[in-house]
Amino acid sequence: MSKLIAPSILAADFANLQRDIEMVNKSDADWFHIDIMDGVFVPNISFGMPVLDAISKHANKTIDVHLMIVDPDRYIKTFAALGSNVLTVHYEACTHLHRTLQAIKAEGMKAGVALNPHTNINLLEDTITDIDLVCLMSVNPGFGGQSFIENTYSKVEQLKELITRKSASTLIEIDGGVTNKNAKQLVDAGADVLVAGSYVFKSTNQMDTIKNLKALANS
């Protein structure tokens, strides 16, 4: 399967959100990546349900929602109703991960699990076959524009090995600091989905940046 590019809407211009959504619609991007932060699990607050609802009305590609919140189980049905196609919860926020994954799938969404930079891949040993996507945080979660953590390459390789060994069909997503400088190396290590925020939205020609990133990831 071709490698996917998911622009992170956290880096978009909130005063011109519809314009940026339409740009992603027209671009070679595959998914919209939307970060929901509660100011508790991470030291920042992003946008909530009304903004996601507005994005869903205009987006015509897969909506990939990344919950950086405590107690995500409370909102699974809500995010399904708001049009989420992939719902990712943090391993560190889930006391009963297996139950959370089942609840996400019961609402018709793909179930994702995000791991913070310090969280060991081996903790997914018992659930990997139930996970549709693992989002490896390649920066500390909470803020855009941070520098890429170099240890990520080795984590991608470890995760790929686990997926292969367990005969799982889990996708590997990388979130944080993705640019044209590391995209190819991440894909070569085993990544399937690249989330790019500041790199896309702060570029002078966003559609070209997405097109070139997609070409690089699939070269």
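The values are calculated or read from the model by the stated rules, or taken from the named source; none is laboratory data. Just so we're clear, the structure is a prediction, and the values are computed from it rather than from any experiment. As a convention, Cβ positions derive from the backbone with ideal geometry for all residues, glycine included, and neighbour counts pool all protein chains shown.
Being of a type in the set (Ser, Thr, Tyr) and either over 22 Å from Lys184 (Cα atoms) or assigned to a loop (DSSP other than H, G, I, E, B) (or both), is that true of even one residue in the stretch 109-126?
Yes: the stretch 109-126 contains one or more residues that are of a type in the set (Ser, Thr, Tyr) and either over 22 Å from Lys184 (Cα atoms) or assigned to a loop (DSSP other than H, G, I, E, B) (or both).
At least 2 residues that are closer than 21 Å to Gly142 by Cα in each: list the helices (runs of 4 or more DSSP H) lying fully within the stretch 179-218 that qualify.
The qualifying helices (runs of 4 or more DSSP H) are 198-201.
Report every pair of residues separated by at least 6 positions or lying on different chains whose Cβ atoms are under 8 Å apart, first residue within the stretch 183-194 and under 9 Å from Tyr153 (Cβ atoms), second at pLDDT 95 or above and not in a helix (DSSP H, G or I).
Once the first residue is under 9 Å from Tyr153 (Cβ atoms) and sits in the stretch 183-194, its partners that are at pLDDT 95 or above and not in a helix (DSSP H, G or I) give Leu186/Ile174; Leu186/Val178; Leu186/Leu194.
When Gln146 is evaluated against the numbered criteria (1) surrounded by fewer than 17 Cβ atoms within 10 Å (Cβ to Cβ); (2) in contact with a helix residue (DSSP H, G or I) (Cβ under 8 Å, 6 or more places away or on another chain), which criterion, by number, is the only one it fails?
(2)
Hey, Phe32 hits all of (1) under 16 Å from Thr88 (Cβ atoms); (2) surrounded by 19 or more Cβ atoms within 10 Å (Cβ to Cβ); (3) touching a Gly at 6+ places or on another chain (Cβ under 9 Å) but one; which does it fall short on?
Only one criterion in (1) under 16 Å from Thr88 (Cβ atoms); (2) surrounded by 19 or more Cβ atoms within 10 Å (Cβ to Cβ); (3) touching a Gly at 6+ places or on another chain (Cβ under 9 Å) is unmet by Phe32, namely (3).
Return only the number of the condition from (1) closer than 13 Å to Glu92 by Cα; (2) of a type in the set (A, V, I, L, M, F, W, C); (3) outside any helix (DSSP H, G or I) that Ile149 does not satisfy.
All conditions are met except number (1).
Could you check, for the stretch 31-48, whether at least one of its residues is modelled with pLDDT of 95 or more and of a type in the set (Phe, Trp, Tyr)?
Yes.
Examine the stretch 98-115 for a residue that is among the hydrophobic types (A, V, I, L, M, F, W, C), more than 22 Å from Gly48 (Cα to Cα), without any contact (Cβ under 8 Å) to a residue 40 or more places away in the chain and buried (at least 17 other Cβ atoms within 10 Å of the Cβ), and state whether such a residue exists.
So far as the stretch 98-115 goes, no, none of its residues is among the hydrophobic types (A, V, I, L, M, F, W, C), more than 22 Å from Gly48 (Cα to Cα), without any contact (Cβ under 8 Å) to a residue 40 or more places away in the chain and buried (at least 17 other Cβ atoms within 10 Å of the Cβ).
Do you know which residues across the stretch 103-120 are among the small types (Gly, Ala, Ser) and within 18 Å of Ile34 (Cβ to Cβ)?
Gly108, Ala111, Gly112, Ala114
Can you give me the number of residues within the stretch 48-94 that are among the β-branched types (Val, Ile, Thr), touching a helix residue (DSSP H, G or I) at 6+ places or on another chain (Cβ under 9 Å) and surrounded by fewer than 19 Cβ atoms within 10 Å (Cβ to Cβ)?
3
How about the stretch 56-71: which of its residues are without any contact (Cβ under 8 Å) to a residue 40 or more places away in the chain, of a type outside the set (S, T, N, Q) and outside any strand (DSSP E or B)?
Matches in the stretch 56-71: Lys57, Ala59, Lys61, Ile69, Val70, Asp71.
Filter the stretch 114-151 down to residues that are under 13 Å from the mean Cα position of the chain (by Cα) and hydrophobic (A, V, I, L, M, F, W, C) and give me whichever is modelled with the lowest pLDDT.
Filtering first and then ranking leaves Val139.
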